[in-house]
Every structure is written in C-alpha cells, then in structure tokens.
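A quick write-up on the structure given underneath.
We did not get these values from a lab; they are worked out from the coordinates using the rules stated. The structure presented is a predicted model; accordingly, all values stated were derived computationally and were not measured. FYI the Cβ positions are ideal-geometry reconstructions off the backbone, even for glycines, and counts take in every protein chain you see.
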Amino acid sequence: MPQEVAGGPNAAGSNSRPSITHDGRTLFFDSTRPGGLGGPDLWYATRPSTDAAFGPAIHLGELNSAGFDARPAISWDGEELFYSSNRPGSTSPAPDIWMAKRPRSSGPKG
C-alpha cells in the first residue's frame with residue numbers, strides 16, 4: 001500500500017519529481033514551498049538510515065534561479081545532479097537540461 005513520505009520533503013506547496021540516491025538516504029525533489037527563489041526550486045532531505053524519517057528539506061541554493069528549476073535526477077554515484085531549468089543561459093524560454101557536479105568537500109551524496 002502506498003505511504004506518504006515522512007519528514008521534511010512534504011510541506012505547503014507542490015512537492016514532486018523525487019530522485020533518491022542509491023543508498024536510499026538522500027532524496028532530491030522540486031518544490032514550490034516557501035523559501036524558494038521563484039517557480040519550482042530544487043531541494044533535498046536526508047535521513048540516517050532507510051527506516052528513519054527524512055529531516056528538514058534543504059534548498060539547493062545556487063543551483064536554483066528565479067525561473068523554473070525542477071525534475072532532479074541524481075547519478076548512481078551521487079556525483080552529478082541533472083535537472084531542467086529555464087535560467088539565464090538556456091537556449092530557449094523552455095527548460096533545458098542542466099548538470100551540476102558535487103563539490104568534493106561537501107553536499108549530499110548517495
């Protein structure tokens with residue numbers, strides 16, 4: 001039977017398009033919750049184990065723009081996050097696919 005995800009990922013606004021790391025401990029998603037920069041933004045939440053609830057959602061800061069930033073997909077090794085965005089630099093007003101590499105010293109990893 002389906003169950004709502006417990007903890008930080010669900011809040012006021014739309015919370016959708018989840019992508020979870022291979023170890024099941026970090027969940028990336030897009031949301032229109034308060035605290036974002038505009039349209040949907042990219043967020044993540046972590047948990048200490050797969051049988052624990054997720055902690056608070058954390059905004060992915062500089063990966064977001066005032067426009068549309070959504071549909072995150074994390075690579076299997078947790079080093080690259082692919083997402084859709086219509087940020088400045090996109091080839092058209094419609095969203096393009098963007099990619100960010102995880103800094104070596106910080107950030108959630110799967």
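So what's the net charge close to Gly13: Lys and Arg +1, Asp and Glu -1, counting the other residues with Cβ under 11 Å from its Cβ?
On the way: positive: Arg33; negative: Asp30, Asp41.
Net charge around Gly13: -1.
Mean-square fluctuations from a GNM of the chain, with a 10 angstrom spring cutoff on Cα atoms, peak among Ala100, Ala73, Ala12 at Ala12. Only Lys, Arg, Asp and Glu carry charge here, each on its Cβ (+1 for the first two, -1 for the last two); on that basis the chain has a dipole of about 120 debye about its Cα centre. Just checking the listed ones, Gly13, Gly78, Gly55: in the Gaussian network model of the chain with Cα springs under 10 Å, the one fluctuating most is Gly13.
For percent of Cα pairs over 26 Å apart, computed directly from the structure shown, the correct entry in (1) 34; (2) 14; (3) 29 is (2). For region 48-62, the Karplus equation 6.51 cos²θ - 1.76 cosθ + 1.60, evaluated at θ = phi - 60°, returns couplings of x, 8, 6, 9, 9, 6, 6, x, x, 6, 10, 5, 7, x, 5 Hz by residue, with Gly and Pro reported as x. Since only Phe68, Ala100, Pro88 are under comparison, the one whose Cα sits farthest along the positive direction of the charge dipole of region 15-101, derived from C-beta charges on Lys, Arg, Asp and Glu, is Phe68. Phi-derived couplings, Karplus 6.51 cos²θ - 1.76 cosθ + 1.60 at θ = phi - 60°, listed residue by residue for region 22-34: 4, 8, x, 9, 10, 10, 9, 7, 10, 7, 9, 4, x Hz, with x used for Gly and Pro. Projecting the Cα atoms of Pro40, Phe29, Thr50 onto the charge dipole of region 21-110, computed from C-beta unit charges around the Cα centre, puts Thr50 farthest toward the positive end.
Grab the beta carbon distance between Asp96 and Trp76, set R0 = 25 Å, and tell me the FRET efficiency rounded to 0.05. Show your work: numbers first, answer last.
Details: r = 23 Å, r/R0 = 0.91.
After rounding to 0.05, the efficiency reads 0.65.
When the chain is treated as a GNM with alpha-carbon contacts under 10 Å, the residue of Ala94, Ala11, Ala70 showing the greatest mean-square fluctuation is Ala94. Rounded to the nearest whole Hz, the Karplus-based 3J(HN,Hα) values (6.51 cos²θ - 1.76 cosθ + 1.60, θ = phi - 60°) of region 82-97 follow the sequence 9, 7, 9, 8, 10, 4, x, x, 5, 6, 8, x, 6, x, 10, 8, with x at glycine and proline.
Annotation: amide H of Gly39 within the under-5 Å range of Gly67, sequence separation 5 or more or interchain, hydrogens built in the peptide plane.
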